[in-house]
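The values are calculated or read from the model by the stated rules, or taken from the named source; none is laboratory data. What you see is a predicted model; the values in this text were computed from it and never measured. A quick note on method: Cβ atoms are made from the backbone with ideal geometry, for glycine too, and the neighbour counts reach across all protein chains shown. Ligands, DNA and RNA are excluded from the accessible area calculation, which covers all protein heavy atoms including side chains. Shrake-Rupley method; radii C 1.70, N 1.55, O 1.52, S 1.80 Å.
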Protein chains: 2
Amino acid sequence: MRDAGRTRRTVLDAAARTVAVKGTAVSLDAVAKAAGVSKSGLLHHFPSRDELFLALAQDLAEQFVAAVQAAVDPRDHAAGRLVRGYINATFNEIAHGVSAPEQVMLAGALSSVPGVDRVLREHTDRWEKAFEADGLHPDRVLLIIRAADGATVAAIYEGGANPEELQHTRELLLRLSHGEGGL
Amino acid sequence: MRDAGRTRRTVLDAAARTVAVKGTAVSLDAVAKAAGVSKSGLLHHFPSRDELFLALAQDLAEQFVAAVQAAVDPRDHAAGRLVRGYINATFNEIAHGVSAPEQVMLAGALSSVPGVDRVLREHTDRWEKAFEADGLHPDRVLLIIRAADGATVAAIYEGGANPEELQHTRELLLRLSHGEGGL
């Protein structure tokens, strides 16, 4: 069981890397090779291309949920604590995660896989409920979440990331999550 | 001269469509075919793959500048008029332009082409100067621009666009550009 889980994890990570660069047109042979498993080993876990990419989308969405939960400060009990976790997880990811072009290429490529829209809408509904319980005004949440997501793609539209501006944006959004920010 | 300009335009539009779907790995033959021109006709205007994709990035950045200028209300003389043009151009594009996955695939694919980072940084500098002259506090501009860009990619991360939420976000950002918004 543990080995099976490990193989599944290895294949999903390899799929994320290869799809980010080559899109969903990538061959399952290439994914298997990148994962260091046999094609039949891959097919044992993911019987078809669509099932692999659907599982990948689900996995990425769940990894982000886990990253946000890990970024919530356990000593923070004020309204907006989940939003602050979202801000910090997003900017940590920009600073240390896969590059912005790879991340959007991956998300864009997966968005055309059958069933991915449904998985993402379910996650969106869960986020919405969680933010409702977080205590900030919905407009404030919408603004902060959209701006954080915009910061993720800014590197693509602006010819590279600007670390100082990213830090400034993170702090601006954190202030907004406390009901401050001078706006 | 007019024909040459027309061919150039046709090739750039075809390149945008094909790169959005297939990435920069697309063959110049495929671009020429999509444009309805001969390969040698294409090479006459764009002697190499990198020159074509660099010209495409420049063209897309200039098209967006033109769209924002067209969206500025000539009767609007208050601070933030350019920011309001940016908001309206962005949300018009989300509603009527190429799909969000195609747009980010295109931007992501072009970001790896040599020279594109420089072109985009020049445009970013020009936007920055133009926003400085627009009269809003820089943090307010940053927040609005990032949130508008985030709205563009939201459809990808959330399994599809939500027209009502997009309209709500547009109105929220317009209110913020007037120094309102209850934040």
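Odds and ends about this structure:
- Restricting A:Val72, A:Val65 to residues that are within 14 Å of chain B (Cβ to nearest Cβ) and modelled with pLDDT of 95 or more narrows the list to A:Val65.
Rundown of residues vs (1) open to solvent by 20 Å² or more (accessible area, probe 1.4 Å); (2) assigned by TED's automatic domain parsing to the domain that holds A:Asp117; (3) farther than 19 Å from A:Gly115 by Cα, yes/no style:
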site: A:Arg6; (1), (2), (3): yes, no, yes
site: A:Ser27; (1), (2), (3): yes, no, yes
site: A:Val31; (1), (2), (3): no, no, yes
site: A:Ala34; (1), (2), (3): yes, no, yes
site: A:Ala61; (1), (2), (3): no, yes, no
site: A:Ala71; (1), (2), (3): yes, yes, yes
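- Residue match in the stretch A:104-120 (condition: assigned by TED's automatic domain parsing to the domain that holds A:Val68 and over 28 Å from A:Ala14 (Cα atoms)): no
- Test: residue in the stretch B:1-11 that is assigned to a helix (DSSP H, G or I), among the small types (Gly, Ala, Ser) and farther than 24 Å from B:Glu164 by Cα: yes
- Of residues in the stretch B:151-169 being open to solvent by 60 Å² or more (accessible area, probe 1.4 Å) and part of a helix (DSSP H, G or I), the one farthest from the other protein chains (Cβ to nearest Cβ): B:Pro163
- Only one of the numbered conditions (1) open to solvent by less than 20 Å² (accessible area, probe 1.4 Å); (2) more than 7 Å from chain B (Cβ to nearest Cβ) is not met by A:Ala147, and that is (2).
- In the set (1) away from chain A (no Cβ under 14 Å); (2) open to solvent by 40 Å² or more (accessible area, probe 1.4 Å); (3) closer than 23 Å to B:Ala155 by Cβ, B:Pro47 fails one condition alone, (3).
- For the stretch A:88-123, the set of residues classified as open to solvent by less than 40 Å² (accessible area, probe 1.4 Å), under 24 Å from A:Asp73 (Cβ atoms) and without any contact (Cβ under 8 Å) to a residue 40 or more places away in the chain consists of A:Ala89, A:Gly97, listed by residue number.
- Test for A:Ser111: is it within 15 Å of the chain's Cα centre (by Cα), polar (S, T, N, Q) and more than 7 Å from chain B (Cβ to nearest Cβ): no
- Cross-chain or 6+ apart pairs with Cβ under 7 Å, the stretch B:57-79 first and free of Cβ contacts under 8 Å to residues at least 24 places away in the same chain and more than 27 Å from B:Thr18 (Cβ to Cβ), then open to solvent by 60 Å² or more (accessible area, probe 1.4 Å) and in a helix (DSSP H, G or I): B:Ala71/B:Asn92; B:Val72/B:Arg81; B:Asp73/B:Arg81
- Taken over the stretch B:20-59, the criterion of being under 23 Å from the mean Cα position of the chain (by Cα) and of a type in the set (Lys, Arg) is satisfied by B:Lys22, B:Arg49.
- Checking the stretch B:125-135 against the condition returns no match, with no residue being crowded, with 18+ Cβ neighbours inside 10 Å and in contact (Cβ under 8 Å) with a residue 60 or more places away in the chain.
- Complete set of residues in the stretch A:116-141 that are part of a loop (DSSP other than H, G, I, E, B), of a type outside the set (A, V, I, L, M, F, W, C) and more than 10 Å from chain B (Cβ to nearest Cβ): A:Asp134, A:Gly135
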